[in-house]
1. For residue 354, are the conditions met, namely being assigned to a helix (DSSP H, G or I), closer than 21 Å to residue 93 by Cβ and either in the same structural domain as residue 24 (by TED's automatic domain parsing) or touching a Gly at 6+ places or on another chain (Cβ under 7 Å) (or both)?
2. Run down 150, 133 and say which single residue is of a type in the set (S, T, N, Q), modelled with pLDDT of 90 or more and surrounded by 18 or more Cβ atoms within 10 Å (Cβ to Cβ).
3. Exactly one of (1) surrounded by fewer than 17 Cβ atoms within 10 Å (Cβ to Cβ); (2) within 30 Å of residue 430 (Cα to Cα); (3) modelled with pLDDT under 90 is unmet by residue 295. Its number?
4. Of everything in the range 157-172 that's crowded, with 24+ Cβ neighbours inside 10 Å and either touching a Phe, Trp or Tyr at 6+ places or on another chain (Cβ under 8 Å) or small (Gly, Ala, Ser) (or both), which residue is nearest to residue 91 (Cα to Cα)?
5. Residue under question is residue 76, and the condition is that it be in contact (Cβ under 8 Å) with a residue 12 or more places away in the chain, among the aliphatic types (A, V, I, L, M) and part of a loop (DSSP other than H, G, I, E, B); does it hold?
6. Any residue that is under 24 Å from residue 190 (Cβ atoms), over 35 Å from the mean Cα position of the chain (by Cα) and not β-branched (Val, Ile, Thr) - is there at least one of those in the range 493-509?
7. Of the conditions (1) among the acidic types (Asp, Glu); (2) farther than 20 Å from residue 223 by Cβ; (3) modelled with pLDDT of 75 or more, residue 439 clears all except one; give me its number.
8. Is it the case that the range 195-206 has a residue that's buried (at least 16 other Cβ atoms within 10 Å of the Cβ) and touching a Gly at 6+ places or on another chain (Cβ under 6 Å)?
Amino acid sequence: MTQEVTGTFAELGLHPSILAALVAVGYEEPSPIQSQAIPVILAGHDMIGQAQTGTGKTAAFALPILSKIDPAKRELQALILAPTRELALQVATAFETYSKQMPGLNVVAVYGGAPMGPQLKAIRQGAQVIVATPGRLVDHLSRNDQLLSTISHLVLDEADEMLKLGFMDDLEVIFQAMPASRQSVLFSATLPASIRTIAEKHLREPKHIKIAAKTQTVSLIEQAHLMVHADQKVQAVARLLEVEEFDALIAFVRTKQATLDLASALEAKGYKVAALNGDIAQNQRERVIESLKDGRLDIVVATDVAARGIDVPRITHVLNVDMPYDPESYVHRIGRTGRAGRVGRALLLVTPRERRMLQVIERVTGQKVAEVRLPNGQQVLDARIKKLTNSLSPLVADAEASHGELLDRLVADIGCSPRALAAALLRKATNGQSLSLADVEREQPLVPSVSAPRERRERDGERSGEFTPRERRAPVPLAEGRARCRTALGTRDGIAAKNLLGAILNEGGLAREAIGRIQIRETFSLIELPEEGLDRLLGKLKDTRVAGKALKLRRYRED
């Protein structure tokens, strides 16, 4: 089943409250995976969706499932399984967004690394949708084996990644805890034998939909991203605007309130800025756009919905203050610059939890979004002096002829040197803006890097017992018939032994007992594999990825 289905969301049979939420977030046309999957899921069929992240698959299962849920029933009705905490949070946010027009509908995200208490409380209070990672969900099932007894809809999102992370045993526990009558939907970028085995065992006559991801190029737009903490975004934006040479700029945020807050903060710093959101009347919206076109405004802070249809040639920069919900929205956002053959610049602020979405955006656009550093105090100072220089240079040529006598009189009347008078006039011209490095750094404390320096990571790791800094442990002697292999993935990449085990079992086709000791270090890991047929096995694993990163397993030489 691969034909494309066209049309609108309204033609797909979704609940009216879901359609209202889609209008609010600015969705206009369903993507191919959405137009094909939504009718199948609404009809109650089990389904296998073969689609890459970035094709709109989250909405493809969230919209029809929400249309079938009864908010009046205060019990779990839908379970979405995701391989990682980041994806679970992303999917939960999407469900909350799409259900904004459904009073009484509650979503709970269940994942490791967070206290179980609030998760249990949200479930007890009647959440209808649970988005979970398999490991943490099994922990909950060990406390309450009836937790999933009311589930009528199951989605396995990125099932191939789930198996690479070693969740096969956990999935079996979860399957057994749900009613056999449930509807099951499985999404996976690839369909290895292990995924087909799950489908044959746990899905009932599933429909198969396959969508090829389309690369979206934005060749005339220079893209870059900056890593920041969520609570430092306004400070980061202020620094960027100091050094970026822009004509006009549109800044994207997720919420109406954020448009007002950021616009207010920038206006206080002297920028000509306005907010644009769904509450802005049409005639006011038109005035804002006209002001941006003719130069009365230089910056507009907007939500995705409010920015639809903006075509202003003088926009040289797009600043993504908040990460978009999906890669398509990112492409639409940055398309506001680079118009009429001009080169534009797009900047994206990325928080630590959003690294995964950045990777998805790079895959969908087919372009690397290079990382740049936030400007430091010296760069801000240099930018301020450059702007002052540019503003004064045209005035210098005839200034002495026209104002020389006035200068002499002021020096005499005030009783100061020409240098002191010039300094006073500069202070007045710059409205007291800091023009020394010490003052700039006091005014704008440097935003710390999200990535902690190696030395601090090592100290923190030593205190927590995670690893010993610069530790060099002697390899354990090998058993007969085994070879030791090395990968450059380690604890700093968030890798655990079960991740490597799952990936090799899934992609290499080995039995569990064929894999020996797995040793995880900070910057690499060692794995014992069968000597016989090792080169063939390494060939099968050459394209394998673990936690989004290339495994690149090779024979380890102990010289």
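The values are calculated or read from the model by the stated rules, or taken from the named source; none is laboratory data. All figures in this text were calculated on a predicted structure; none of them were measured in a lab. Glycine also receives a Cβ, built like all others from the backbone with ideal geometry; neighbour counts cover every protein chain displayed.
1. Against the criterion (assigned to a helix (DSSP H, G or I), closer than 21 Å to residue 93 by Cβ and either in the same structural domain as residue 24 (by TED's automatic domain parsing) or touching a Gly at 6+ places or on another chain (Cβ under 7 Å) (or both)), residue 354 does not qualify.
2. Selected residue: 133, the only one of 150, 133 that is of a type in the set (S, T, N, Q), modelled with pLDDT of 90 or more and surrounded by 18 or more Cβ atoms within 10 Å (Cβ to Cβ).
3. (3)
4. Checking each candidate, the answer is 157.
5. yes
6. There is no residue in the range 493-509 that is under 24 Å from residue 190 (Cβ atoms), over 35 Å from the mean Cα position of the chain (by Cα) and not β-branched (Val, Ile, Thr).
7. Every condition holds for residue 439 apart from (3).
8. The answer is no, given that none of the residues of the range 195-206 is buried (at least 16 other Cβ atoms within 10 Å of the Cβ) and touching a Gly at 6+ places or on another chain (Cβ under 6 Å).
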